[in-house]
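This report concerns only the one structure given below.
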C-alpha cells in the first residue's frame, strides 16, 4: 500500500522540489516589517497547497501580528487525529555578503538545497504537505485525521500563537502533535527527540557609589560593585558545575540508568574540536551528554561593569550587571527556580552595595515524553525503515516554546520528527538542507502515518 | 623681616592676580595637538616671569613632546637647595557647555577664581613665583637656593619628564623638593600630605569556546568564561576586603598607633552622603580613613563578557575580561605584587577555559616621608601660622607619579604643600580656586622658605 505513495513521491519529486523552491523564494522574514506582505504571501502558499490537495476549512487566521494557517482532513473515521505544527516565517538573511548564493533563490550544490528556510522550517514543513499530497493523489485519503497549524511568527517568539490556540481550542484539539522543526544528531542517524529543557532567567544589578569613583581616593571606603557581583554569582554555581542555590535540585527527576545509556550511546559532537574548548566540564557525576541533554544548567549570558576600553582607567565602577538564565528539566517549576535564585542573590548581597534583581518575563517548563511511548516507538521504526539504521533517543538542552504550549493547552504527546542536520547553518548564512533527508524524511512520514493508523 | 615680604604681596595683589589671569587665559591643553603652541606660550610665560624677577639660567628645555622650564637662584650660600616642581599644562575644558564662564577667561565669583588650571596647577604654581618675586623685590634675595622645574606634560602622564631629569640629574639635584599640586582635606584645614600610594595593574582574559554558544545546546559541556572569571576574581579578595592573594601583605609596613591617630583625627568626607553608599566597607580591623590612606587596595576597574543589550540572549559567552589595579603602600614592590596576582590567577583558573594575564606596563612605588621629619614639621608650623589652625597629617590613596620619580632619582624628601580644596572641580567643568587660599597659601610659602632657611 505504501509502495504506491512512495512511487508517487519519486515520480513527482522534481515538480514538488520546484514547488518548495517557490515557497523558499518568498522572503517571509517575520521580524522585518518591510516583509509583512511576504509573510502573508508565504501563508497563502500553504493555504493554496492544502486546498489543492483536498484539505477542508483551510483558512488564513488573522492575529494582531502575522497570520497562521489552519486546515484539516478529518475523514479517517475511527483513526486518531494528529495536529501538525510548522512555521512558514524565516530568520533574516543578513549578513547577505556571506551567502554563496542568493538566500531567496534556492540552489542545489553538493546534494544540498541552499536557501533561507530550507531547513528551518519551510523545507521540513513542506515535506509533510508533499506527503499528504501523495496519499491524497494515490489513495484519495490520509491514513489518519490531520489538523494543520502552520504559523508565521515562530522566529519572533510565536507571539500570538498561544492566544489563537487557546481561543480556538476545540478546533485545534487532537490526539497527538507532530512537529518537524528540529534535527538529527548527525546526518544519516535517525534521532528521536523525547525531551526539551525549560527556561527561566533574571538580571541582577549591583549598585555601589552614585558615580564611578577615583580608585585611589575611595578604594578602601566603597565596596566595589564588580567584586561584589563576582562573589554573588560565584556563589550560584561551584566549579564542579553544581548549582549552589538551596532547593535548586529539589524537584529534579533522577535520570534512570536506561536513559543515561540511551543518551551516552547517541553520537554527538567532539566538543574540543567543534567549539575549541580544552576539555568538557559537565556537572560532577554526569557526562557532558547527560548534562547538556538532561541536567539543569545555570549560565551567565552577559556581565558588565565599569571601564571596557583599551588600557587602564583607575575607577571603582558605580554599577555591575549580570544576566543569568537557567535551562530546566522536568519537575522544575520556572517561577520557583527564579524565586530561589532571586532570594539567594539578595541573601548573599554583601554590605555596602544595593542589589536589584529583575525577573525575565519569558519562561517555559521542560517537556518530556516517555521514550517507550508507542507513538515514539513507531516513529523510531519509521525512521529505521527509511534510513536503514536504528534510531537513537535523545533530549535537547534547548527549548521549543510551541511544544510547551501544546503540552500545556492540549495535554497531548508531541512527536518531534526532526530531519535537519548539524551542518544546516540555521539562522546563519548559507542555510541548507540535505536532499537525502528530503527524500528519506518523506519516506519516514509515509511510514509513520501508516504505523499510527495501524493502531 | 617677613612683614616686608607679606606687605609686598598685599600691595601687589591685584597686579599679581592680573598676571595669573594672563597665565590662565592661555589654553595650554597638553593632550590636544591643536594647542601645541599654547602649551609653549604658557611655558614662556613662566620663563619670562622667572627672568623678570632675577632667576638665572632660565630656559625652555625641549623634549620630544612639550617643553619644560628650568630656572635657578643659587646665591643663598650655605642654605639648602629646594627643587620646586609644578606644571603649566591643563586638562581639556570639555564639556564646554557645562561651564558657567569661559574656562580661559578667568572670572571671580563668590571669592573663587574660576578658570581651567586655577587650582591644577597654574594657580598653585604661580603662587610660588609670586612669593619668589616678593622676596626678590623687597630683600633682593631668596631665603634658600631654588631650582625650578615646571613641566608641560603632567596631564598626559609626564611623558618626557623622567628622561630630562635623568639626563640632567646634576642640574636638577637639590636637598628636597617642594610641590603644590594637591589639596587640603577641607577648606581652612592645613593639611600635610606625607604619603602616596603606589600602583600596579593587569588585565585577565578568560576564553572558553571559540564563539558565543547556544546556552541550551552547549550548557553542561562548555565552562562559562564569565562564571570562571567570577570565581577567579572573587578569590582575589574576600568580603572583609582582605586581599586573598598569598604574599600580598608580606612587605606591608604596619601602621603605628600614632599614624592611625593622625589619620583618624583628620576631617574627611561623610562617604554615605558624598558618594551615596549604604555604608563604608573598609578592610576588617581598619577604619575607612586608614584603609583609603594607608592600606593597599585591589579593585576591579572594569569587567565584561557576553551580551550587554536589552533583555535576554541565551548564550555562553566566548570570553570574559577583568581589568584589575592595586594601590600599594610602602614596602610593596609593584612588580612583585603584579606577579603574585598573575600567578594566583593562573593557579585558580578552572578546567575548561584558557586564561591570559596581560600586565599593565605603568607602575609606581608608594611614597612616604616620616611625618615627624623636620621639613614637614616646619611646613605644618607655616600652615598653622597662616591659617590659624593646627595642621593635620594625612596620606593619599592616589599616586602622583612625579613624586615617585623625584624620590627614585634624587632620593630626597618631597614636601607636598597643597592648597586646593575638595570643591575645586579638578579635571571637571567650573574648576576654581578659593582666593583665601591664594592669599594664605602665599603666606604659608613665605613662612616656609624662612623656616627652612633658619635651619
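The values are calculated or read from the model by the stated rules, or taken from the named source; none is laboratory data. Nothing here was measured: the structure is a model prediction, and the numbers come from that model. Glycine also receives a Cβ, built like all others from the backbone with ideal geometry; neighbour counts cover every protein chain displayed.
Observations, loosely collected:
- Hits in segment B:392-416 - residues which are surrounded by fewer than 23 Cβ atoms within 10 Å (Cβ to Cβ) and within 16 Å of residue B:441 (Cβ to Cβ): B:415
- When every residue of segment B:281-299 is checked against the conditions, none turns out to be surrounded by 20 or more Cβ atoms within 10 Å (Cβ to Cβ), within 30 Å of residue A:395 (Cα to Cα) and modelled with pLDDT of 95 or more.
- Meets criteria (facing another protein chain (nearest Cβ under 9 Å), crowded, with 22+ Cβ neighbours inside 10 Å and either out of contact with any strand residue (DSSP E or B) (no Cβ under 9 Å at 6 or more places or on another chain) or farther than 20 Å from residue A:298 by Cβ (or both)) for residue A:228: no
- Some residue of segment B:331-353 being at pLDDT 95 or above, more than 20 Å from the chain's Cα centre (by Cα), under 20 Å from residue B:233 (Cβ atoms) and assigned to a strand (DSSP E or B): no
- Selection of segment B:338-382 for residues being closer than 22 Å to residue B:194 by Cβ and touching a strand residue (DSSP E or B) at 6+ places or on another chain (Cβ under 7 Å) yields B:363, B:364, B:365, B:366, B:367, B:368, B:369, B:371, B:375, B:376, B:379, B:380.
Yes/no per residue for (1) in a loop (DSSP other than H, G, I, E, B); (2) in contact with a helix residue (DSSP H, G or I) (Cβ under 8 Å, 6 or more places away or on another chain); (3) more than 18 Å from residue A:154 (Cα to Cα); (4) touching a residue at least 12 places away in the same chain (Cβ under 8 Å):
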| site | (1), (2), (3), (4) |
| --- | --- |
| A:384 | no, no, yes, yes |
| A:394 | no, yes, yes, yes |
| A:418 | yes, yes, no, yes |
| A:433 | no, yes, yes, yes |
| A:442 | no, yes, yes, yes |
| A:447 | no, yes, yes, yes |
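- Cross-chain or 6+ apart pairs with Cβ under 9 Å, segment A:151-167 first and on the phi > 0 side of the Ramachandran plot, then at pLDDT below 95 and outside any helix (DSSP H, G or I): A:157/A:362
- Filter pass, residue A:270 being modelled with pLDDT under 95 and either over 24 Å from residue A:337 (Cα atoms) or more than 13 Å from chain B (Cβ to nearest Cβ) (or both): yes
- Those residues of segment B:287-321 which are part of a helix (DSSP H, G or I), within 7 Å of another protein chain (Cβ to nearest Cβ) and in contact with a helix residue (DSSP H, G or I) (Cβ under 7 Å, 6 or more places away or on another chain), in sequence order: B:288, B:292
- Index of the failed condition, residue B:210 passing every other in (1) buried (at least 24 other Cβ atoms within 10 Å of the Cβ); (2) farther than 26 Å from residue B:385 by Cβ: (1)
- Residue in segment A:245-266 that is within 12 Å of chain B (Cβ to nearest Cβ) and either without any contact (Cβ under 8 Å) to a residue 40 or more places away in the chain or farther than 30 Å from residue A:120 by Cβ (or both) present: no
- Taken over segment A:399-421, the criterion of being within 14 Å of chain B (Cβ to nearest Cβ) and more than 22 Å from residue A:128 (Cβ to Cβ) is satisfied by A:399 alone.
- Meets criteria (under 24 Å from the mean Cα position of the chain (by Cα), crowded, with 23+ Cβ neighbours inside 10 Å and at pLDDT 95 or above) for residue B:201: yes
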